[in-house]
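Peer 1: Provided herewith is a single structure, encoded as structure tokens, for subsequent inquiry.
The values are calculated or read from the model by the stated rules, or taken from the named source; none is laboratory data. This one's a predicted model, so the numbers in the text were calculated from it and none came from an experiment. We place every Cβ from the backbone using ideal geometry, glycine too, and count neighbours over all the protein chains shown. Heads up: the accessible areas ignore ligands, DNA and RNA and are worked out on the full protein's heavy atoms, side chains in. Shrake-Rupley method; radii C 1.70, N 1.55, O 1.52, S 1.80 Å.
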2 protein chains.
Amino acid sequence: MAQKLTKRSEDYSSWYNELVGKADLAEHSDVRGCMVIKPYGFAIWEKMKEILDAKFKETGHSNAYFPIFIPKSYLSKEAAHVDGFAKECAVVTHYRLKTNETGDGVVVDPDAKLEEELIVRPTSETIIWNSFGKWIQSYRDLPIKINQWANVVRWELRTRLFLRTAEFLWQEGHTAHATKAEAIAEAEQMLDVYADFAENYMAMPVIKGLKTESERFAGADETYCIEAMMQDGKALQAGTSHFLGQNFAKAFDVKFSDKEGKQEHVWATSWGVSTRLMGALIMTHSDDEGLVLPPALAPIQVAIIPIYKGEEQLAEITEKLTPVIESLRKQGVSVKFDDDDNRRPGWKFAEYETKGVPVRLAIGQRDLANGKAEVARRDTKEKNLVDFEGVDQYIVNLLNEIQENLLNRSKTFRDENIREVNSYDEFKEVIENKGGFVSAHWDGTMETEEQIKNETKATIRCIPFTEKEEGVCMVTGKPSKGRVLFAKAY
Amino acid sequence: MAQKLTKRSEDYSSWYNELVGKADLAEHSDVRGCMVIKPYGFAIWEKMKEILDAKFKETGHSNAYFPIFIPKSYLSKEAAHVDGFAKECAVVTHYRLKTNETGDGVVVDPDAKLEEELIVRPTSETIIWNSFGKWIQSYRDLPIKINQWANVVRWELRTRLFLRTAEFLWQEGHTAHATKAEAIAEAEQMLDVYADFAENYMAMPVIKGLKTESERFAGADETYCIEAMMQDGKALQAGTSHFLGQNFAKAFDVKFSDKEGKQEHVWATSWGVSTRLMGALIMTHSDDEGLVLPPALAPIQVAIIPIYKGEEQLAEITEKLTPVIESLRKQGVSVKFDDDDNRRPGWKFAEYETKGVPVRLAIGQRDLANGKAEVARRDTKEKNLVDFEGVDQYIVNLLNEIQENLLNRSKTFRDENIREVNSYDEFKEVIENKGGFVSAHWDGTMETEEQIKNETKATIRCIPFTEKEEGVCMVTGKPSKGRVLFAKAY
Ligand SMILES: [Zn+2]
Ligand SMILES: [Zn+2]
């Protein structure tokens, strides 16, 4: 707790790495690219899971579980998919170790070589569509709407905690439908679920749109995405939902007989969010003092710290606080009453600040006499002496206010950092010096997209649903169907 | 749904396999030894998880997540552990594939060979104690009480759905303590949590005890277990809790400074239950018609089936049923109202019977006129015409009664099939012809245990906590400190 974090303005990247460590969220393991998610970080992820899981069930999805291993040959069944996913992945080649010759270690047993190598799943479309093939015969078997919470592995050389790790946790939804329209509606519905979660729980505004062809999921006909802006102006793709067309149905030969008995290929979607959301959450709200959490996702919403000398004073304060704690808990507020004798109040204040606890209540002997308590909010760092009478309701209201304030604050920041430009020179200037999102016209070709990326490092984050104004491409002068959003991205 | 299950009395093993398929619980995947847990099966597992997770948190544990990969060298750090776990496991040797020469598939890229092979975790003691080493310096850092919900892989050649699969889902608790006494108390507490869960939710009675040295977890000083009896008299180890002594602390050199500043090795426990519990649940209660579920773990507790001709009748019945459904849901009962027009009532009756739904309510035009409804319970297959007035409360009571009845029934069966024997001849006779658990004296040596196993296939399932009667070993005549329980086991 002793050392301060690097300031965001000095080095945003160091600030992030230090914060993840100091707030006890995660750490690197000795296994290259794999992280350890520590209890406090995991508690936040659990809250995310719980809320999302309920939303998936409300929209008619069931959880299931498919094997972690995918036979190597499956990956090449869908042509686009293999290019996107079959390359950087963990390959299991053997199924046994044996004691080495010196007897003090183990070596791979060369006799235990697999006939066909297994890939640790980078995503599960192939293994799931192999199952769907067995489950689907008739229109009566459709739709199938499944979700899986799982770990996946994509080998990465340069990793950052939560943002890019070789192993990460995620959910992947996989659905099968009788019609194209139903599958598209499903993909769009799940994008809305993600956007709603981002805004109303993470307090993180997002822009909904389509990916360009070059940024599309490998095997998708269309990729929908939500894009968020981090405090350094860079974009973070927070969730994607894919309309897969009949690509996987064709690759795994999955057909159904419709009401007239005609055989048709099935239509598909898949959609996912991952522990990357933890990185997005951190980089949307936190400050130079540490983590800032929206109350809706805070494992501890209120930390209550008695300030006392001796057991008698503690007993007196505790007695006074008990009904407040009970009232808060009854209202669903998660409270930590920290009367740990081994730590001083100042240490605790710093601890809860670093960990982003939204509200802190401190009360000492003099406050008690005056019928007051000190309430501090983490988002603005305001402190107020408030009447002890009714402090429970004050805190409940304050938690709502903090949730709202965080969304408004990040929305204001985001909106201030979306800039329309009309020439490529202006574009380069803004991307280089101001950052943020740039709204500009583009001719719709991969060539121009590639050129812009090579020259500026900015990519097209999405083609927003709302954008319909026609124009001309800032680079080529060719016609454009509407502005798209460019940014440097995580 | 058409074909009947093989009868248990004819072939218990076929009955089990067919039931798992027909009740839509799980199926084999194309990946050797890996199963697909289907939505209905997964919904039961989710209920188990939810209940257990709450109990772990109540007893002060936090969830966290550690890497799926373990460096090969870690496995050999704890000598006993490597013998138990390092052998049959999935070994990752490469991190990249590349397109093959003909361009229509992928091959392992020989240039992407890992310097040190990675093992897909068979259990996580080694990787977790490597982290604990960084987290623990002083007595203030203790205890650490962590749980992880994860997938693990132990290569198996002969697999059975839920009971023995290469990949399975489980939870693994890992704790670190300042004293031996505290670690032992933790291991015992978690065994009690498991036993409570087995009896009060799974309705499955268990015997608590210690494993013999030869059946102990690799790396443990003591393994506590709960043993359940399946309907065929075989034993199933339903959960284990290990007192690990200082073995892993020594292997990973994890010390803490106590209040006097003295350096001590840390004391440890680990404990786990897995998707194997699904197999135990099935084999404890189910019958020749299909799955039988205790209400506490049933995803659907009540299936309500309207019997009608035409929309007008359906509307009338639905109107009458709506307040009943609402009342049940308000009381936390999960209800499925099945008015699907594509299936006939008889088909639905069979479906819910196969899937083990505890209570079925059917109501038709004549019942409506008479103010009655037909309520069927799955456990005894009793059907009753009951007054429609108050049927909601009748069902709530019936669910409690079914939960109780299932526990009593399995307890009676279990108790009737535990037999005390006093000679080895009698032992062999009982094991061969009657099965069940046999309570007998044993001299405490691994040699005798091994001999009995080789000659009868029965193993010592546990040394029950309750057994204190001294005697003489049935095989060698040497002194015995108390009877132990033998059985053939899953
Ligand atoms: Zn086809
Ligand atoms: Zn040591």
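Peer 1: Has the stretch B:300-311 got any residue that is in contact with a strand residue (DSSP E or B) (Cβ under 9 Å, 6 or more places away or on another chain), away from ligand 2 (no atom under 16 Å from the Cβ), in the same structural domain as B:Met35 (by TED's automatic domain parsing) and free of Cβ contacts under 8 Å to residues at least 60 places away in the same chain?
Peer 2: no
Peer 1: Look at the stretch B:332-358 and say how many of its residues are open to solvent by 50 Å² or more (accessible area, probe 1.4 Å) and of a type in the set (A, V, I, L, M).
Peer 2: Residues meeting the conditions: 0.
Peer 1: Go through the stretch B:220-232 and give me each residue that's open to solvent by 10 Å² or more (accessible area, probe 1.4 Å) and either within 16 Å of ligand 1 (Cβ to nearest atom) or more than 22 Å from B:Glu172 (Cα to Cα) (or both).
Peer 2: Filtering the stretch B:220-232 down to residues open to solvent by 10 Å² or more (accessible area, probe 1.4 Å) leaves B:220-222, B:224, B:229, B:231-232.
Correct list: B:Met229, B:Gln231, B:Asp232.
Peer 1: Before we move on, is B:Asn151 under 30 Å from A:Lys113 (Cβ atoms), assigned by TED's automatic domain parsing to the domain that holds B:Cys34 and over 24 Å from the mean Cα position of the chain (by Cα)? Before you say what the answer is, go through the steps one by one.
Peer 2: Details: under 30 Å from A:Lys113 (Cβ atoms): yes; assigned by TED's automatic domain parsing to the domain that holds B:Cys34: yes; over 24 Å from the mean Cα position of the chain (by Cα): no.
So B:Asn151 does not fit the description; no.
Peer 1: Please go through the stretch A:48-68 and give me each residue that is within 11 Å of chain B (Cβ to nearest Cβ) and in contact (Cβ under 8 Å) with a residue 24 or more places away in the chain, ordered by number. Before the answer, list the steps.
Peer 2: Of the stretch A:48-68, the ones within 11 Å of chain B (Cβ to nearest Cβ) are A:49-50, A:53, A:57, A:61-68.
If the condition is that a residue be within 11 Å of chain B (Cβ to nearest Cβ) and in contact (Cβ under 8 Å) with a residue 24 or more places away in the chain, then A:Lys49, A:Asp53, A:His61, A:Ser62, A:Asn63, A:Ala64, A:Tyr65, A:Phe66, A:Pro67, A:Ile68 are the ones that fit.
Peer 1: Output the number of residues of the stretch A:69-89 satisfying the condition of being open to solvent by less than 10 Å² (accessible area, probe 1.4 Å), modelled with pLDDT under 90 and at the interface with chain B (Cβ under 8 Å from one of its Cβ atoms).
Peer 2: Residues that pass the stated criteria total 2.
Peer 1: Is at least one residue of the stretch B:318-331 surrounded by fewer than 21 Cβ atoms within 10 Å (Cβ to Cβ) and within 14 Å of chain A (Cβ to nearest Cβ)? First the steps, then the outcome.
Peer 2: First, pick out the residues of the stretch B:318-331 that are surrounded by fewer than 21 Cβ atoms within 10 Å (Cβ to Cβ): B:318-320, B:322-323, B:325-327, B:329-331.
Going one step further and asking which of them are within 14 Å of chain A (Cβ to nearest Cβ), we end up with none.
Within the stretch B:318-331, none of the residues are surrounded by fewer than 21 Cβ atoms within 10 Å (Cβ to Cβ) and within 14 Å of chain A (Cβ to nearest Cβ).
Peer 1: Test B:Asp221 against the stated conditions and say whether it is more than 30 Å from B:Ile44 (Cα to Cα), within 16 Å of ligand 2 (Cβ to nearest atom) and touching a residue at least 24 places away in the same chain (Cβ under 8 Å).
Peer 2: Details: more than 30 Å from B:Ile44 (Cα to Cα): yes; within 16 Å of ligand 2 (Cβ to nearest atom): no; touching a residue at least 24 places away in the same chain (Cβ under 8 Å): yes.
Taking the combined requirement at face value, the residue does not satisfy it.
Peer 1: In addition: If a residue has to be open to solvent by 80 Å² or more (accessible area, probe 1.4 Å) and not in a helix (DSSP H, G or I) to count, how many in the stretch B:380-417 make the cut?
Peer 2: Residues meeting the conditions: 6.
Peer 1: Mind listing whichever residues of the stretch A:244-271 are open to solvent by 10 Å² or more (accessible area, probe 1.4 Å), more than 11 Å from ligand 1 (Cβ to nearest atom) and assigned to a strand (DSSP E or B)?
Peer 2: Selection gives A:Ser257, A:Trp267.
Peer 1: Determine, yes or no, whether B:Ile300 is farther than 23 Å from B:Ile418 by Cα, within 14 Å of chain A (Cβ to nearest Cβ) and more than 16 Å from ligand 1 (Cβ to nearest atom).
Peer 2: Working: farther than 23 Å from B:Ile418 by Cα: yes; within 14 Å of chain A (Cβ to nearest Cβ): yes; more than 16 Å from ligand 1 (Cβ to nearest atom): yes.
Yes; evaluated as a whole, the condition is true for this residue.
Peer 1: Name every residue in the stretch B:445-454 that is under 29 Å from the mean Cα position of the chain (by Cα) and surrounded by fewer than 19 Cβ atoms within 10 Å (Cβ to Cβ), in order of residue number.
Peer 2: Taking the stretch B:445-454 first, the residues under 29 Å from the mean Cα position of the chain (by Cα) are B:446, B:449-450, B:452-454.
Correct list: B:Met446, B:Glu450, B:Lys453, B:Asn454.
Table: residues versus (1) β-branched (Val, Ile, Thr); (2) under 17 Å from the mean Cα position of the chain (by Cα); (3) farther than 19 Å from B:Gly279 by Cβ.
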residue	(1), (2), (3)
B:Asp11	no, no, no
B:Lys22	no, no, no
B:Pro39	no, no, no
B:Phe42	no, yes, no
B:Met48	no, yes, no
B:Lys55	no, yes, yes
B:Thr59	yes, no, yes
B:Ile70	yes, no, yes
B:Tyr74	no, no, yes
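Peer 1: Could you check the stretch A:178-194 and list, in sequence order, the residues that are assigned to a helix (DSSP H, G or I) and surrounded by fewer than 20 Cβ atoms within 10 Å (Cβ to Cβ)? Before you say what the answer is, go through the steps one by one.
Peer 2: Here is the first cut: in the stretch A:178-194, the residues assigned to a helix (DSSP H, G or I) are A:180-194.
Once the filter is applied, which keeps residues that are assigned to a helix (DSSP H, G or I) and surrounded by fewer than 20 Cβ atoms within 10 Å (Cβ to Cβ), the stretch A:178-194 yields A:Lys180, A:Ala181, A:Glu182, A:Ile184, A:Ala185, A:Glu188, A:Gln189, A:Asp192.
Peer 1: May I ask you to list the residues in the stretch B:115-127 that are under 14 Å from B:His81 (Cα atoms), more than 22 Å from the chain's Cα centre (by Cα) and more than 8 Å from chain A (Cβ to nearest Cβ)?
Peer 2: B:Thr126
Peer 1: Check whether at least one residue in the stretch B:260-277 is in contact with a His (Cβ under 9 Å, 6 or more places away or on another chain), of a type in the set (D, E, K, R) and more than 15 Å from ligand 2 (Cβ to nearest atom), and report yes or no.
Peer 2: Checked the stretch B:260-277: no residue is in contact with a His (Cβ under 9 Å, 6 or more places away or on another chain), of a type in the set (D, E, K, R) and more than 15 Å from ligand 2 (Cβ to nearest atom).
Peer 1: Here's something else I'd like to know. What residue, among those in the stretch B:21-47 that are aliphatic (A, V, I, L, M) and more than 20 Å from B:Arg154 (Cβ to Cβ), is nearest to the other protein chains (Cβ to nearest Cβ)? Break it down into steps so the answer makes sense when it comes.
Peer 2: First pass over the stretch B:21-47, keeping only residues aliphatic (A, V, I, L, M): B:23, B:25-26, B:31, B:35-37, B:43-44.
Next cut, more than 20 Å from B:Arg154 (Cβ to Cβ) only: B:23, B:25, B:43-44.
Working: B:Ala23: 14, B:Leu25: 11, B:Ala43: 7, B:Ile44: 11 Å.
Residue satisfying both the conditions and the ranking: B:Ala43.
Listed here are the residues, each with its yes/no results for (1) surrounded by fewer than 20 Cβ atoms within 10 Å (Cβ to Cβ); (2) at pLDDT 95 or above.
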| site | (1), (2) |
| --- | --- |
| B:Lys38 | no, yes |
| B:Met48 | no, yes |
| B:Ala54 | yes, yes |
| B:Val91 | no, yes |
| B:Lys98 | yes, no |
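Peer 1: Looking at the structure I just gave you, is B:Asp141 outside the structural domain of B:Gly173 (by TED's automatic domain parsing) and charged (D, E, K, R)? Before the answer, list the steps.
Peer 2: On the way: outside the structural domain of B:Gly173 (by TED's automatic domain parsing): no; charged (D, E, K, R): yes.
So B:Asp141 fails the test.
Peer 1: Okay, moving on. If B:Ala369 passes every condition in (1) modelled with pLDDT of 95 or more; (2) outside any strand (DSSP E or B); (3) assigned by TED's automatic domain parsing to the domain that holds B:Pro323 but one, which one does it miss?
Peer 2: Single failed check for B:Ala369: (1).
Peer 1: Just wondering, is there one or more residues in the stretch A:365-376 that are farther than 11 Å from A:Ile304 by Cβ, buried (at least 19 other Cβ atoms within 10 Å of the Cβ) and among the basic types (Lys, Arg)?
Peer 2: No.
Peer 1: Here's another thing I want to ask about it. For residues in the stretch B:152-177 being under 19 Å from B:Ile127 (Cβ atoms) and in contact with a Pro (Cβ under 9 Å, 6 or more places away or on another chain), which is most open to solvent (accessible area, probe 1.4 Å)? Give the steps one after another, and end with the answer.
Peer 2: Going residue by residue through the stretch B:152-177, those that are under 19 Å from B:Ile127 (Cβ atoms) are B:152-155, B:167-176.
Then drop every residue that is not in contact with a Pro (Cβ under 9 Å, 6 or more places away or on another chain), which leaves B:152-155, B:167, B:175-176.
Details: B:Val152: 0, B:Val153: 2, B:Arg154: 59, B:Trp155: 17, B:Glu167: 5, B:Thr175: 0, B:Ala176: 0 Å².
Filtering first and then ranking leaves B:Arg154.
Peer 1: Moving on. Working only within the stretch B:457-473, note down all residues that are outside any loop (DSSP other than H, G, I, E, B) and either outside the structural domain of B:Val430 (by TED's automatic domain parsing) or open to solvent by 60 Å² or more (accessible area, probe 1.4 Å) (or both). Full working, then the answer.
Peer 2: Looking only at the stretch B:457-473, we keep the residues that are outside any loop (DSSP other than H, G, I, E, B), and these are B:459-464, B:471-472.
Residue satisfying the conditions is B:Val472 alone.
Peer 1: Say whether the condition of being touching a helix residue (DSSP H, G or I) at 6+ places or on another chain (Cβ under 9 Å), within 11 Å of chain B (Cβ to nearest Cβ) and either more than 18 Å from A:Gly245 (Cα to Cα) or not in a loop (DSSP other than H, G, I, E, B) (or both) is met by at least one residue in the stretch A:152-160.
Peer 2: Yes; the residues of the stretch A:152-160 include at least one that is touching a helix residue (DSSP H, G or I) at 6+ places or on another chain (Cβ under 9 Å), within 11 Å of chain B (Cβ to nearest Cβ) and either more than 18 Å from A:Gly245 (Cα to Cα) or not in a loop (DSSP other than H, G, I, E, B) (or both).
Peer 1: How many residues, within the stretch A:155-185, are at pLDDT 95 or above, charged (D, E, K, R) and in contact with an Asp or Glu (Cβ under 9 Å, 6 or more places away or on another chain)? Write out each step before concluding.
Peer 2: Residues of the stretch A:155-185 that are at pLDDT 95 or above, as a first pass: A:160-185.
Right, trim to charged (D, E, K, R) and you get A:160, A:164, A:167, A:172, A:180, A:182.
Filter again for in contact with an Asp or Glu (Cβ under 9 Å, 6 or more places away or on another chain), leaving A:164, A:172.
Residues that pass the stated criteria total 2.
Peer 1: For A:Phe217, are the conditions met, namely being at negative phi, within 16 Å of ligand 1 (Cβ to nearest atom) and either in contact with a helix residue (DSSP H, G or I) (Cβ under 8 Å, 6 or more places away or on another chain) or part of a strand (DSSP E or B) (or both)? First the steps, then the outcome.
Peer 2: On the way: at negative phi: yes; within 16 Å of ligand 1 (Cβ to nearest atom): no; either in contact with a helix residue (DSSP H, G or I) (Cβ under 8 Å, 6 or more places away or on another chain) or part of a strand (DSSP E or B) (or both): yes.
No; evaluated as a whole, the condition is false for this residue.
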